[in-house]
Amino acid sequence: MGAKAAAGPSARDRLLEAANELFYDEGVHTVGIDRVIERAGVAKASLYNTFGSKDELVRAYLEGRHARVAARITRYLERYGDPRDRLLGVFEAQGELFAEEGFRGCAFVSASAESPGEAVSRAADDYRGWVRGLLTGLSREAGAADPEKLGRQLHMIYDGASLSARMDRDPSSSVAARAAAATLLDAACG
């Protein structure tokens, strides 16, 4: 026999990809574990050996969403050297996400509303803490007199933009969010 064919994605990776597609498109509560297993093309034992439970799969799915959003924003902010531009770039990166086909709003809001529980709450808290920390840190770098206050205000705009983009099916809500953020930033640094 010839050389072994390259191994495909692991069962873990296939499960996470299936969970990402199904949970984001249809919801963590509505999608049963059997659908995830079928989509991933793995045995039920693979899911339980890898994650232990649906809750842990949901947590891993949300952690993956967090990592992708953080990577997107971080890459986007590398374009800018000026602290003000970097802060406003968060909203530009958000607009890029809103314009993607299949955008369905914030995965953390959806999961928290559908399936509250410790795993979901922990993942959502980690994500929200990261967003708030990013906005507060960028506010500090931009010279805001009270970066914690501005970070909290900007976080509310960030959340509202995502909700508006989803509910109004309007990716341009990021433009209005960026303008509001610029107004707040100028007032906080002026």
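General remarks:
- Seen through its C-alpha gyration tensor, with square-root eigenvalues sorted a ≥ b ≥ c, the chain comes out prolate because a/c lies at 1.5 or above while a/b is bigger than b/c.
- Counted charge near E92, where neighbours are those whose Cβ lies closer than 13 Å (Asp, Glu -1; Lys, Arg +1): +3
- Within-13-Å neighbourhood charge of F51 [Cβ basis; K, R +1; D, E -1]: +1
- Region 137-185: trypsin sites (Lys or Arg not before Pro) in DSSP loop, at most 13 other beta carbons within 10 Å: R169
- Counted charge near A107, where neighbours are those whose Cβ lies closer than 15 Å (Asp, Glu -1; Lys, Arg +1): -2
- log₁₀ of I(q)/I(0) at q = 0.13 Å⁻¹ - region 135-190, Debye sum with one point per alpha carbon: -0.32
- Max mean-square fluctuation residue, GNM over the chain, Cα-Cα springs under 10 Å, options D168, D25, D159: D168
- For the chain, the 222 nm mean residue ellipticity estimated from helices alone, with every DSSP H stretch of n ≥ 4 adding -39500 (n - 2.57) and the total spread over all residues, rounds to -24500 deg cm²/dmol.
- Of the GluC sites (Glu not before Pro) found in region 83-188, those that fall in a DSSP loop while having at most 11 other beta-carbon atoms within 10 Å are E100, E101.
- Relative contact order (%) - criterion: Cα under 8 Å, at least six apart; region: region 59-189: 29
- Against the chain, whose longest principal axis is taken from its Cα atoms, helix 118-141 shows a tilt of about 30°.
- Cut-off under 5 Å, modelled amide H: who pairs with A144 long-range: none
- Calculated from backbone phi, Karplus (6.51, -1.76, 1.60) coupling profile of region 72-88 in Hz, x at Gly/Pro: 4, 5, 4, 4, 5, 6, 5, 5, 10, x, 6, x, 5, 5, 4, 4, 5
Taken together, the values in this text are just the output of simple stated rules run on the coordinates, not laboratory data. Just so it is clear, the structure is predicted and the values come from calculations on it, not from any experiment. Because the Cβ atoms are built from the backbone with ideal geometry, glycine has one as well, and the counts that use them run over all protein chains shown.
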